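For reference, the structure discussed in these notes is given below.
No lab work stands behind these numbers, since they all come straight from the coordinates. Just so it is clear, the model here is predicted, and its values are computed rather than measured. Quick reminder, even Gly has a Cβ in these numbers, built from the backbone with ideal geometry, and neighbours come from all protein chains shown.
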Amino acid sequence: MSSTALSPLDALTIHLQETALLSTSNNLLDWDQETTMPSGGLEWRARQQALIARIVHERASSIERGDLIASVEADRAAMADAATMALVREARRDYEKATKLPSSLVEEMAKTSSMAKHEWAEARAASDFKRFAPWLERLVGLLRAQADCYGFSSGGERWDALADLYEPGCTAAYVAGVFDPLRPRLQKLIADLGSARVQPSNAFNDYFVSIEKQEKLSRMVAESIGFDFNRGRLDRSTHPFCGGTHCNDVRMTTRYSERCVNDALGSTMHESGHGIYEQGLPFSRIGTPLGEAISLGIHESQSRMWENQVGRSRSFWNWLTPRMGELIGGDVSRFSQEDLYSAANVVEPGFIRVEADEATYNLHVMVRFEIERAVIGGSLEVAGIPAEWNRLYKELLGLEVPDDRRGCLQDIHWSMGAMGYFPTYTLGNLYASQFFEAACEQLPGLVDGFTRGEFNGLREWLRANIHAHGRRFAPAELVQQVTGKPLSAEPLMRHLEGKLRPLYGI
Ligand code: ZN
């Protein structure tokens with residue numbers, strides 16, 4: 001090799017990074033569409049994004065990409081480095097995924113889901129599942145075909161192949177193994193809280209605060225917990241999200257409602273958790289798998305930790321209460337620190353997943369997991385979904401679902417052809433609890449520090465133990481490495497029981 005020739009690793013890195021330059025341009029178009037684009041721009045924007053997506057897919061599945069990966073794999077000196085080996089392993093994984101689906105199936109899925117999303121919105125507005133059912137049937141057919149193209153291990157099931165797209169290595173058996181022992185314990189806790197004599201005050205959740213003041217409060221909190229505004233933004237959108245192009249340009253959004261400060265605060269802390277993860281990815285690796293988040297579940301663990309373990313803790317409210325007085329003013333001081341802490345932690349079964357509290361949330365996810373698994377596995381017909389949904393809500397949450405709008409039509413995911421996605425939310429809660437316990441063991445006084453506004457210790461711990469690795473480890477491997485144990489339901493239950501039972505006086 002002459003001194004000017006690129007090494008195989010450099011050549012692969014350039015190919016990956018140039019693809020990322022294109023694909024992250026699409027992220028920016030997404031952000032623009034959700035925050036500032038006039039609705040007239042929709043059609044052209046869809047064409048812009050479709051073209052970029054096609055070019056990105058062509059590059060990601062090209063023979064050139066395959067050859068570049070193979071040449072690094074054959075370079076024994078380069079592969080002796082553990083980081084390079086991980087980079088190539090993940091590049092190979094992405095390449096196999098990109099090349100396994102025939103482009104006719106990719107196109108059919110894109111067309112069907114964009115129509116189905118529209119039909120779902122109409123069906124939801126009319127609260128009429130029958131209207132959406134034929135579209136969902138088509139999507140399920142395509143998802144099964146997709147799963148067969150990807151393949152799954154013998155003894156596994158089709159659903160595994162879909163879940164693996166969002167959470168590498170995740171299988172239905174693994175999820176069931178974690179969810180099954182969790183379900184009765186959550187149900188017992190929720191029942192005990194519901195019948196407790198002490199019911200925490202919910203009054204603050206109906207307190208009026210102007211959107212301007214909520215925005216100031218949200219920015220102050222995001223900055224205090226460690227979101228870097230020199231490398232990121234906070235804007236508004238109907239559905240909060242975190243996007244952007246790379247670690248030095250992270251775009252997150254939140255939403256405000258005048259009658260619920262906790263909604264804005266919760267979603268700002270949640271998205272800040274995602275944003276802090278993105279900002280913590282190593283810049284030198286951006287565009288390669290070592291500069292990307294591991295999985296949806298691990299991403300969600302970061303958002304949930306800041307939202308729940310930090311943002312719903314007593315120490316956090318000790319810190320925030322006097323600042324609420326300064327930033328919001330008015331008569332907010334009539335609420336005690338205890339009132340504010342209580343309002344952030346009220347538990348009440350409801351129909352809607354995205355409005356659920358920390359304890360009931362996971363039961364919503366379990367309903368969806370059971371239904372997806374049965375539908376993809378073939379033991380449940382699409383037409384039978386509403387009845388099965390309502391039966392499970394009765395069994396798990398004790399609720400009679402009044403209509404499809406508040407039942408099986410509430411989420412957008414299935415209409416987008418996303419099955420195997422929901423469990424990553426609960427996996428995120430489980431990872432968050434287990435990581436946070438490990439952080440507390442390794443950083444004595446961590447939680448007390450929140451009272452003084454000291455959040456940097458946690459952020460730096462997450463950066464070193466999780467963010468800096470990119471996709472170097474698989475999710476289950478990372479959990480074992482950071483916490484010394486495989487994933488279990490125990491830390492989440494300890495977190496919920498330890499906080500909620502005292503709050504409800506039991
Ligand atoms: Zn999230």
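Normalised by the number of residues in segment 266-338, the average gap of Cα pairs under 8 Å and 6 or more apart makes the relative contact order 31 percent.
Distance from the alpha carbon centroid of segment 294-340 to that of segment 186-216 works out to 13 angstrom. List the lysines whose Cα lies under 22 Å from the Cα of residue 499, skipping any in the same chain that are fewer than 8 positions away. List returned: 188.
Taking amide hydrogens as placed 1.01 Å from N in the peptide plane, the amide H of residue 232 sits under 5 Å from those of 250, each at least 5 positions away in sequence or on another chain. Summary of the geometry: segment 434-506 and segment 97-154, compared by the centres of their Cα atoms, lie 37 Å apart. With the gyration tensor restricted to C-alpha atoms of segment 68-161, the semi-axes of the equivalent ellipsoid amount to 39, 14, 12 Å, longest first. A simple spin-label model places the labels of residue 10 and residue 354 4.8 nm from each other, with each point 7 Å out along Cα-to-Cβ.
In segment 229-380, the C-alpha radius of gyration followed by the widest Cα-Cα span (Dmax) gives 18.1, 58 angstrom. The simple spin-label model puts a point 7 Å past each Cα toward its Cβ; for residue 464 and residue 403 those points are separated by 5.5 nm.
Round to the nearest 0.05 the FRET efficiency obtained for residue 85 and residue 331 when R0 = 45 Å and r is the Cβ-Cβ distance. That gives a FRET efficiency of 0.15. Leaving out same-chain residues fewer than 8 places away, which lysines sit with a Cα under 27 Å from that of residue 130? Leaving aside lysines fewer than 8 places away in the same chain, those within reach of residue 130 are 111, 117, 394.
Can you give the extra length, in nm with one decimal, that the chain gains between residue 494 and residue 387 once fully stretched, where that is 0.36 nm per residue apart less the Cα-Cα distance?
Value of the extension gain: 35.1 nm.
In segment 3-150, with Lys and Arg counted as +1 and Asp and Glu as -1 at Cβ, which of these residues, 13, 129, 51, has the Cα nearest the positive end of the dipole, that is, farthest along it? So the residue we want is 129.
Find the percent of Cα-Cα distances in the chain that exceed 38 Å, and round it to a whole number. Walk me through the numbers before you get to the answer.
Values: 34683 of 127765 pairs.
Looking at the chain, the distances longer than 38 Å represent 27 percent of pairs.
Which percent, nearest 5, of DSSP beta bridges in the chain are antiparallel? Antiparallel bridges make up about 45 percent of those DSSP assigns within the chain.
Note on segment 367-463: Cα-only Rg and Dmax are 19.5, 55 Å. Compactness of segment 315-389 is given as radius of gyration and Dmax, 20.0, 58 Å, from Cα positions.
Only alpha carbons enter this Debye calculation for segment 3-150, each as an equal point scatterer, and the log10 of I(q)/I(0) it gives at q = 0.13 Å⁻¹ is -0.79.
In summary, the aspartates and glutamates within cross-link reach of residue 216, defined as a Cα separation below 17 angstrom excluding same-chain residues under 8 places away, comprise 228, 235, 258, 263, 271, 326. Here is how the number arises for the chain: DSSP H runs of 4 or more residues each give -39500 (n - 2.57), the sum is divided by the residue count, and the result at 222 nm is -20500 deg cm²/dmol. For segment 16-87, the relative contact order is 28 percent, taking Cα pairs closer than 8 Å that sit 6 or more residues apart in sequence and dividing their mean separation by the residue count. Positive end of the dipole of the chain (Cβ unit charges, origin at the Cα centre): among 69, 145, 456, the Cα lying farthest that way belongs to 456.
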